[in-house]
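Remarks on the structure that follows.
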Amino acid sequence: MNSFKESAKRQDFDDKITGKALFTSDLRPDELNYCKVYRSERQRARIMSICIPDLQDGILIVDHHDIPGVNRVPIVYDDQPFLSEGEVNYIGEPILLIVGRDKNIIQDTADRIRIKYEDIEPVDSIEEAEGDPEKYHFADGVSSIEYSFSKGDPDMFLNSNYKTFEDTLSTGYQEHAYLETHSFQSCYRDGSIEVKGSMQCPYYVVEALKVSLGLSEERIRVIQQPTGGGFGGKEDYPSIPAVLSALAAMKSGKPVQLIYDRKEDIVASTKRHPSTITLRSSLDDRNMIKAMEIRVKLDGGAYAGLSSVVLQRTIFSATGAYNIENLRVHGAAYATNKVVSSAFRGFGGPQAMFAIEMHMENIALKLGIDPYDFKIAHLLKDGDLSATQGRYPSRIKLHELAEEISEMSGYMEKRYSDTSNDRFSKGIGFSIFFHGCGFTGAGEAELLKPKVKLRKYKTGEVEIFVSSSELGQGVLTTLRKIVSAELGIPFEMVKNSYPDTRYCPDSGPTVASRTILIVGKMLQDCAKDMKARWEEEEFEVIRSYEYPKELSWDNDRFIGNAYPESSWGANVVELQVDKITSEVEIEKVWVVYDIGTPIDPRIVQGQIEGGIAQGLGFSLMESFEVMNGEPMQKSLTTYIIPSSRDFPRPHIKLIDNPRGTGPFGASGLGELPIVGIAPAVASALQNAINKSIDRVPVTPEYLKELMRDAN
C-alpha cells in the first residue's frame, strides 16, 4: 500500500479520536529516509572541487546534475537555483543533499565532505551595490530592481522657496520565527510525486515541482500539513525544500523527509527586507504639505525572489494615510551577497509606514505643532485620490479612527503631562496607517485568476475546496462561517480541510490579506448559486474571480487602484524608559481598526494581539545582524522574540464600515496589526527621551547611545 495513503489514514484517525494535529515531522511512512542539505559556508565563491567520502550502504548524494528539469525557482525573475551549479552567492546556499535511513550516518557523511572554494569579492550593502552596479547581479545582469511613479506636479513645489523638511529612516531584517521550521516529506511512485509539508501556497510548490522535475501537473500532488506558523516565510521559500525532498525521493525510490533544524532555518530562509527611506516635503505658509519626494531602498539579498513585488507595495504605501497631491516616488531593491529577503507579514508596509509616520511626526515637532494635529490635517478623506491616483472603493473613516483612539487613550492629556522622574522617562505616541488588501493592481484577475469550488452532498453537507492554507489564522473556521451563513445551514454541516491539490482548485496563495476579501467573497457567491439549486441532491458550484468594474489599473505607469480594497488603523502606545538600563517597558497599547465587518470576533482579536506583539518585537527587540554575509543570531536564544509576558494585551476597538467588495462587508485583517505599530513606539520614545529615533529596532544599546549623546 502507498505509505503516504497509510499515513493519511492514521492522521484522520488521530484527528477524529484525539483532536491532535499531525505535523510533517509526525509522519512515519514505511522505509522513510531522511535528507540533509549541505550548504555553502562562503559568502560568494566559485566551487573548485567537491570531495565526497566513501559512502556507506544506503547513503546517496543528490546534486544539481540530478535535476531532470530546470534548476531555477519559478517566482518572478527565476534567478535562484535549487542546488548550486558551481557558484555560491550567500552563506547557507544549498549545494547538495545527503540522503539515507540513519541520521547519524548522514551527519557523519556531511562532516567528511570537503569543498574547495575560490572566493569572489562580495557585495555587502546597499551602498556597495549602488557604488558598483556591475559587481553583482540578480538575473539577466540586473543589479537592482527599480520603479518610479508620480502624481500631480511635484517639481512646482519641491524646487521652490517653500519650507522643506527631509528625513532618512531605516529598518532592519526581521526573522519570521515561526514555531515549526521548514518541513517536507515526498514520495515518488510510478512516475508521480506526492509532497506533504508546511507551506502557505500549495500551487507555488506545484509550479516549482513542474519546472524542476519536468512532470506534468497531473503527476504532482501537493498536500498542506498542519503548519506551525508562516508570516510570509512559507510563501515562496518552501518551493526549495519541497523540491529538494522530491529530488531525494526520486533518486532513492523511498519516502524522504526533510526538516530544517532551527539554526539552519534561520541562516538559510528568507527575511524581511532591510530598508532605507528618504522623504523630502515642501510646505506652504499654512504648514500644509504641497509636495513630497520619496526614495526607497531595499536590500534584496542574493536573489531577486519576491523583491520586485515587495518593492511595489512599499512605494505604493509610502505616503501612508495622507493625501499628498503632488508626489514623486522612486524605489530600488539591490542585489547583495546576503540571505535572500522576501515576503514577511505586511510585505513592505511596515517599512513604509515607519518612514512616513516618523517624517510627519518630525515635521510637526520642528514646526512646534502637535504631531496628532498635523497628521489629522493631512488625512485622506472621501473623494481623495490615492498615491497612485486611484479612487477608494469604500468610505474612508480615518478622522473617526483618530478621534476614537485619542479619546480611548487620553492621548492629548498624557502627551503634555510630565510624569517622569529621576529613574524613568514616560512617553506616548500615535500612528495612523492603512494596508492594501489583495494582490497589486489587477493581479488577482490577470496573474492569479483564482477559482473556488463548493460541493453539496446527498446528506445536505457542503464541502469547501480552496487552496487557502490554515496557518493558525483561522481560515478553516472563517470560510466555513461565510458559507454556512449564506446558505442558512448549521456551521457543522460545512466541511473544510487542509488543501490538497488533487481536489482543490488554485484559489491563489494565502498572502496579502486576501483570503477573506477575495476567496471568502467568491465562496459567498458560490453559496448564493448553490442556494438557488438547493433542491438538487448532489452537485458542484465553481466560481472564478472577476475584477470589479469600478476599479482600474495601468501597470506600466502605476496609475489607478493599487489594491482592490484597504483596511485602516490607528495605534497609541504608552511606555516608560529606564534611564539607567535603557530598557523600555510598554505599559499600554490602544488599537482602533476599520476592517469592515469582522467575520469571527475571537479570531480577529487573536490576529490583532499576535500582530501587535510581532510588531512590538520588530520595534524593540528583534535584532538580526549580518556581518560579512553571516547572520550573527542563529537561534531563538540570540534572536529574541516577544513572549506573552513582554507586552500588555492591547485595548481594541473596531469601527463599523462594511465593504461592498468583501463577504458580508468584510475586508482584510492579517497584516494590518503589524503595519503601524513601530512608528507609535518610536513616537512614544521620542516623547520620552526628547531625541529623534531614525531606525528600528530600538534596542537598549541604541537608546543608551542616544541618551548619552543627549547628556
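Set side by side, the residues Ser406, Ser394 differ, and just one is farther than 30 Å from Leu551 by Cβ, among the polar types (S, T, N, Q) and open to solvent by less than 40 Å² (accessible area, probe 1.4 Å), which is Ser406. Selection of the stretch 127-142 for residues being in contact (Cβ under 8 Å) with a residue 40 or more places away in the chain, open to solvent by 20 Å² or more (accessible area, probe 1.4 Å) and assigned to a loop (DSSP other than H, G, I, E, B) yields His137, Val142.
For the stretch 192-216, a residue qualifies if it is in contact with a helix residue (DSSP H, G or I) (Cβ under 8 Å, 6 or more places away or on another chain), farther than 15 Å from Leu247 by Cβ and in contact (Cβ under 8 Å) with a residue 24 or more places away in the chain, and the qualifying residues are Lys196, Ser198, Met199, Tyr204, Val206, Glu207. Looking only at the stretch 303-315, residues that are open to solvent by less than 10 Å² (accessible area, probe 1.4 Å), over 11 Å from Pro350 (Cα atoms) and not aliphatic (A, V, I, L, M) come to 3 in all. Scanning the stretch 135-180 for residues that are among the polar types (S, T, N, Q), farther than 30 Å from Asp119 by Cβ and modelled with pLDDT under 95 yields Asn159, Ser160, Asn161. Just to verify a result, which residue in the stretch 492-504, among those that are in contact with a helix residue (DSSP H, G or I) (Cβ under 9 Å, 6 or more places away or on another chain) and within 26 Å of Val195 (Cα to Cα), is surrounded by the most Cβ atoms within 10 Å (Cβ to Cβ)? Among residues in the stretch 492-504 that are in contact with a helix residue (DSSP H, G or I) (Cβ under 9 Å, 6 or more places away or on another chain) and within 26 Å of Val195 (Cα to Cα), the one surrounded by the most Cβ atoms within 10 Å (Cβ to Cβ) is Pro499. Might you check whether a residue that is at pLDDT below 95, surrounded by fewer than 20 Cβ atoms within 10 Å (Cβ to Cβ) and touching a Lys or Arg at 6+ places or on another chain (Cβ under 7 Å) occurs anywhere in the stretch 8-20? Yes, because at least one residue in the stretch 8-20 is at pLDDT below 95, surrounded by fewer than 20 Cβ atoms within 10 Å (Cβ to Cβ) and touching a Lys or Arg at 6+ places or on another chain (Cβ under 7 Å).
Just the residues that are open to solvent by 10 Å² or more (accessible area, probe 1.4 Å), at pLDDT 95 or above and closer than 20 Å to Ala377 by Cβ, please, taken from the stretch 413-446. Within the stretch 413-446, just Phe434 meets the criteria. Evaluation of Glu537 against the conditions (1) without any contact (Cβ under 8 Å) to a residue 60 or more places away in the chain; (2) more than 22 Å from the chain's Cα centre (by Cα) shows that the sole unmet condition is (1). Any chance the stretch 483-491 includes a residue that's open to solvent by 20 Å² or more (accessible area, probe 1.4 Å), part of a helix (DSSP H, G or I), charged (D, E, K, R) and without any contact (Cβ under 8 Å) to a residue 24 or more places away in the chain? Looking through the stretch 483-491, none of the residues is open to solvent by 20 Å² or more (accessible area, probe 1.4 Å), part of a helix (DSSP H, G or I), charged (D, E, K, R) and without any contact (Cβ under 8 Å) to a residue 24 or more places away in the chain. For the stretch 641-668, filtered to residues that are within 24 Å of Glu622 (Cβ to Cβ) and not in a loop (DSSP other than H, G, I, E, B), the residue that is most open to solvent (accessible area, probe 1.4 Å) is His651.
In the stretch 221-234, the residue that is farthest from Val511 (Cα to Cα) out of those that are open to solvent by 10 Å² or more (accessible area, probe 1.4 Å) and touching a helix residue (DSSP H, G or I) at 6+ places or on another chain (Cβ under 8 Å) is Ile223. Contact annotation: residue pairs with Cβ atoms under 6 Å, 6 or more positions apart or on different chains, pairing a residue in the stretch 592-604 that is under 26 Å from Tyr411 (Cα atoms) with a partner that is open to solvent by 40 Å² or more (accessible area, probe 1.4 Å) and in a loop (DSSP other than H, G, I, E, B), are Gly596/Pro658; Val604/Pro598. Confirm whether Ser406 is part of a strand (DSSP E or B) and more than 23 Å from Glu325 (Cβ to Cβ). Criteria not met by Ser406. Exactly one residue out of Leu97, Leu158, Leu83, Leu60 is in contact with a strand residue (DSSP E or B) (Cβ under 9 Å, 6 or more places away or on another chain), open to solvent by less than 20 Å² (accessible area, probe 1.4 Å), farther than 22 Å from Tyr204 by Cβ and not small (Gly, Ala, Ser): that is Leu158. The number of residues in the stretch 520-566 being touching a Leu at 6+ places or on another chain (Cβ under 6 Å) and surrounded by fewer than 18 Cβ atoms within 10 Å (Cβ to Cβ) comes to 1.
The values are calculated or read from the model by the stated rules, or taken from the named source; none is laboratory data. If you're wondering where the values come from, they're calculated on a predicted model, not measured in any experiment. Counting neighbours? That spans all protein chains shown, and the Cβs are built from the backbone with ideal geometry, glycine included. We work out accessible area using only protein heavy atoms, side chains counted, and drop any ligands, DNA or RNA first. Shrake-Rupley method; radii C 1.70, N 1.55, O 1.52, S 1.80 Å.
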